[in-house]
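Participant: Structure incoming, see below.
The values are calculated or read from the model by the stated rules, or taken from the named source; none is laboratory data. Since the structure is predicted, the reported quantities are computational estimates derived from the model, not experimental observations. Note that each Cβ is placed from the backbone with ideal geometry, even for glycine, and that neighbours are counted across all protein chains shown.
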Amino acid sequence: MALKNSTRKTEATLPVLRKISASAVMGALVSGAKLDASGLMEATGLSRPTVLAVCDELLKLGWLTEDGTRPGLPTRSGRPSRRFGLNARAGYVLGIDLGATKLQLCLSDLAGTIVAEWSEKWRDEHLGAPERLLVARKATREVLARSGVDPSKVMAAGMAVPAPVRPNGHAVALESYLPGLSSLDLRLALRPDFNWPLIVDNDANLAVIAERWIGVAQDLDDVVVLLSGERLGAGIYIGGRLIRGGGSAGEMRFLELVEGVGNTDAIGGMCRELGAIAAADILDGERPGSPNSSELLRLCGGVPAAVNAEMVIEAARKGDPAASEVIDIVTERTARAIAVVATLLDPQLIVLSGGPAGAGDVLIPSLDEKLKELNSAHPRLAASTLTDHAALRGAVRVALDHAFALLLD
C-alpha cells in the first residue's frame, strides 16, 4: 500500500516538475539569446535529458524555435548543435504602472521587447481608484488596437501600484493619498474588459525585479532600489530573494523618526517644490543676483509654478546657484535615508530609480559627498538606466514569469 501511494504521488508530481522545468527554460531564453543544451543546463540547473525533453515539447507547442549550429562553430560529436530560442511573437504580456501622478502601460512580446506603449498624466492627482482603472482599461484597448494584437494572444498582465499589496489583492493606502484604492481587489482591475491573469505588486518591488533583470543590478543578490520620485520607497532583494515581510517591507514611514529627514518626501518632489520657491525668491529679489542671469528662471520661462525636477537638475548642472543649493538640501536629506537603509541591510548596491531622468551625474557625486560627511555606512550608489520605467518593466517581468508557468497547463 505504501509503495502504491508513493507511485501515485510520483505520477502526480511529474506534471508539476515539467511545468517548473518549462518555466525555467523559457525564463533563461527571455533575453532573446539562443542557447544550446549546454547553455540551458548552465542557466537552469536542469539535466541534459530534461532540457532536451522540455525543449522538444515546447517546440511542438510553438513556444520555441530551433536553429542548427552557427557556421564555423565545431561540435564535439560532429553533429550540428541544436540551438533554441523563444518564439517571441507567439504570445504577449501587458505591463501597467498605476502611478501616483501618471499611468504608464506597455505591451511586450515573450522576449521582453516592448511593441507598444502608452503614457498619460492623471487629470487630478487625487483621482479616485475606480476612475484610474477605467482609464487603464481604455488605454489597454488603445495599445492593443495600435499594435494589432488580438486580446486572446495576451497571456498575462502585471501591474505596479504605489502602495503595499496584500495577498488578497487589496492595497494598503491612505484614502487621502489614493482614494478608493484599498477597497478594491486589484487582481480584478482589468475586468470585465479582459480576463487575463493579473499580478499586482508594489512599485518598488517591481522596480528591483526590473533592475536585476535588465538594469544596473544584474547578477547582484543583495540590492536595494530606492524610488526617488515623489515619495521614498524601497524594493529590497537580499540573499537572492525579494523581501516582502508581511507585505509592507520597504515602506519608509520610519523616516518620520529620523533626525534631519522627518518624512518620505523624495528627490523629484523636493526638487520641484524647493525649486519653485527658489525661482519665486529670485523674482522677488530675495536672493542675490539678477533674474536675467538665472538659468533656473530661464528654464521655467519665468514662471516659478512651472518648475519641475528636471529643470532644477539641468540648472544645477550648469552651475545655477539657487538650483545648486536645492540639490544640496535634497541630497543631504536623502543621504540620511540611504545611510539608515545601508546600515540595516548592508546591500552591495543601492539604485536610485524613478526620480528626475538622467540626473545621476548631478545626484550621485553629491550623495557620495554627504554620505562621507555623515561618517556612516557608505554603500555603492548607481542611478537607474530605466529612468521612470523600472516599475513598468518589472510588471512586464512578473507577467512573463506567470505566463511561462502556465505553458504546459
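Participant: Within the stretch 225-256, how many residues turn out to be touching a Gly at 6+ places or on another chain (Cβ under 7 Å) and closer than 17 Å to Leu349 by Cα?
Facilitator: Adding up the residues that qualify gives 8.
Participant: Quick test for you: out of Ser376, Ser384, Ser324, pick the one residue that is without any contact (Cβ under 8 Å) to a residue 12 or more places away in the chain and in contact with a helix residue (DSSP H, G or I) (Cβ under 9 Å, 6 or more places away or on another chain).
Facilitator: Ser324
Participant: Quick check: is even one residue across the stretch 208-215 within 9 Å of the chain's Cα centre (by Cα) and of a type in the set (Val, Ile, Thr)?
Facilitator: So the first thing to find is which residues in the stretch 208-215 are within 9 Å of the chain's Cα centre (by Cα), and the list is 208-211.
Retained after the next criterion (residues that are of a type in the set (Val, Ile, Thr)): 208-209.
Looking for residues that are within 9 Å of the chain's Cα centre (by Cα) and of a type in the set (Val, Ile, Thr), one finds at least one in the stretch 208-215, hence yes.
Participant: Quick one: would you say Gly319 is in a loop (DSSP other than H, G, I, E, B), on the phi > 0 side of the Ramachandran plot and at pLDDT 95 or above?
Facilitator: yes
Participant: Tell me, yes or no, whether the stretch 46-65 has at least one residue that is modelled with pLDDT under 95, part of a loop (DSSP other than H, G, I, E, B) and farther than 26 Å from Asp409 by Cα.
Facilitator: Checked the stretch 46-65: no residue is modelled with pLDDT under 95, part of a loop (DSSP other than H, G, I, E, B) and farther than 26 Å from Asp409 by Cα.
Participant: Only residues that are buried (at least 16 other Cβ atoms within 10 Å of the Cβ) and farther than 28 Å from Glu295 by Cβ: list them for the stretch 248-278, please.
Facilitator: The answer is Ala249, Gly250, Glu251, Met252, Leu255, Val261, Thr264.
Participant: Another question, if that's okay. Taking the stretch 348-376 on its own, how many of its residues are surrounded by 17 or more Cβ atoms within 10 Å (Cβ to Cβ) and farther than 24 Å from Lys318 by Cα?
Facilitator: Total satisfying the criteria: 3.
Participant: Within the stretch 172-220, track down each residue that is more than 17 Å from Leu392 (Cβ to Cβ), aliphatic (A, V, I, L, M) and touching a His at 6+ places or on another chain (Cβ under 8 Å).
Facilitator: Leu184
Participant: Considering only the stretch 233-246, I want to know if a residue exists there that is touching a strand residue (DSSP E or B) at 6+ places or on another chain (Cβ under 7 Å), buried (at least 18 other Cβ atoms within 10 Å of the Cβ), part of a loop (DSSP other than H, G, I, E, B) and assigned by TED's automatic domain parsing to the domain that holds Ala315.
Facilitator: no
Participant: Within the stretch 300-310, count every residue that is farther than 18 Å from Gly358 by Cβ and either small (Gly, Ala, Ser) or in contact with a strand residue (DSSP E or B) (Cβ under 6 Å, 6 or more places away or on another chain) (or both).
Facilitator: Final tally of qualifying residues: 4.
Rundown of residues vs (1) in contact with a Leu (Cβ under 8 Å, 6 or more places away or on another chain); (2) under 30 Å from Trp196 (Cβ atoms), yes/no style:
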residue	(1), (2)
Ile327	yes, no
Leu352	yes, no
Glu369	no, no
Ala395	yes, yes
Asp401	no, yes
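Participant: I'd like the residue in the stretch 279-299 that is closer than 25 Å to Gly358 by Cα and touching a residue at least 24 places away in the same chain (Cβ under 8 Å) and, out of all such residues, is surrounded by the fewest Cβ atoms within 10 Å (Cβ to Cβ).
Facilitator: First, the residues of the stretch 279-299 that are closer than 25 Å to Gly358 by Cα: 279, 293-299.
In the following step, the residues that additionally are touching a residue at least 24 places away in the same chain (Cβ under 8 Å) were identified as 279, 294-296.
Values: Ala279: 29, Ser294: 22, Glu295: 18, Leu296: 26.
Checking each candidate, the answer is Glu295.
Participant: Residue check: is Ala88 closer than 24 Å to Pro151 by Cα, at pLDDT below 95, surrounded by fewer than 22 Cβ atoms within 10 Å (Cβ to Cβ) and in contact with a Leu (Cβ under 9 Å, 6 or more places away or on another chain)?
Facilitator: Criteria met by Ala88.
Participant: Where the second residue is assigned to a helix (DSSP H, G or I) and the first is assigned by TED's automatic domain parsing to the domain that holds Asp193 and lies in the stretch 126-146, which pairs have Cβ atoms under 7 Å and are six or more apart or on separate chains?
Facilitator: Short answer, once both residue conditions are applied: Ala129/Leu181; Leu144/Pro151.
Participant: Continuing with this model, one more query. If Leu381 meets every condition in (1) under 21 Å from Ala309 (Cβ atoms); (2) surrounded by fewer than 19 Cβ atoms within 10 Å (Cβ to Cβ) apart from one, which number is that one?
Facilitator: Of the numbered conditions (1) under 21 Å from Ala309 (Cβ atoms); (2) surrounded by fewer than 19 Cβ atoms within 10 Å (Cβ to Cβ), the odd one out for Leu381 is (2).
Participant: Could you count how many residues in the stretch 82-119 are closer than 27 Å to Cys55 by Cα and hydrophobic (A, V, I, L, M, F, W, C)?
Facilitator: The total comes to 11.
Participant: Still on this structure, please answer the following. Could you tell me which of the residues Ser23, Ser38, Ser47 is under 18 Å from Met155 (Cα atoms) and hydroxyl-bearing (Ser, Thr, Tyr)?
Facilitator: Only one candidate qualifies: Ser23.
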